[in-house]
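Undergrad: Quick one: the structure is below, questions incoming.
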Amino acid sequence: MIKSFLQSSLIAFCLALLIVSSAFAGEMNIKGWEKGSEYDSLYDNTDRDVFKGTLLKIKDIEPMDGMTEGIGVLVKDKEDGEKVLVHLGPKDFVEPRIKDLRPGVRVKVYGVLVEIDGEYEYMAAKLKAGEERKYKFRLTKDGTPFWSLSPEELQKEESSN
């Protein structure tokens, strides 16, 4: 009887965990942004770079046809004055995390320069704004997008901010 109760409890717990995990994954629309997608494969973690500039604009982007809407920032490079479009990630993931980000702030962008449809753009791993704010979008060690992490992994990464 106790064994049957424990088995039933374990099954119920596993089902509840599956439902909660599905609900979390279902909240975000990241079509085309998934880990291992054509877009994600452009991010070569061995070719990381850093540049500084001024944030000019926050804008909606669709890096490749068929992807869900994302968020990008237009940054004026401090070195050469060139305007660089920086991809942050899918809108459902990024928008709630950058509510306090405003044009005019000096930024430091960490990520990878990529070519998409003949245009050079930047895929961000991390963005530092001003002296205090850090926004993380990919794991530094391997480039894994934060929106593909489990809730527990994401919480751990965001708490180290």
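Undergrad: Using a Förster radius of 41 Å, what is the FRET efficiency between ASP77 and SER37 based on their Cβ-Cβ separation? Nearest 0.05, please.
TA: Details: r = 28 Å, r/R0 = 0.67.
The computed FRET efficiency comes out at 0.90.
Undergrad: Which of rounded, prolate, oblate describes the stretch 41-96, given a ≥ b ≥ c as roots of the alpha-carbon gyration tensor eigenvalues and a/c under 1.5 marking rounded, otherwise prolate only if a/b is larger than b/c?
TA: Working: a/c = 2.11, a/b = 1.33, b/c = 1.58.
Taking the square roots of the gyration eigenvalues as a ≥ b ≥ c, the stretch 41-96 is oblate.
Undergrad: Compute the orientation-averaged projected area for the stretch 74-161 from the convex hull of its Cα atoms and round it to one decimal in nm².
TA: On the way: hull surface 26.0 nm².
Projected area, direction-averaged: 6.5 nm².
Undergrad: Next question. Using a Cα-Cα cut-off of under 20 Å, which lysines could be cross-linked to LYS91, ignoring same-chain neighbours fewer than 8 residues away?
TA: Straight-line reach from LYS91, under 20 Å: LYS31, LYS35, LYS57, LYS59, LYS99, LYS126, LYS128, LYS134, LYS136.
Rule-based calculations on the coordinates, nothing more; no lab input. Fair warning: this is a prediction, and the values are worked out from it, not measured in the lab. So basically every Cβ, Gly included, is an ideal-geometry build from the backbone, and we count neighbours across all protein chains shown.
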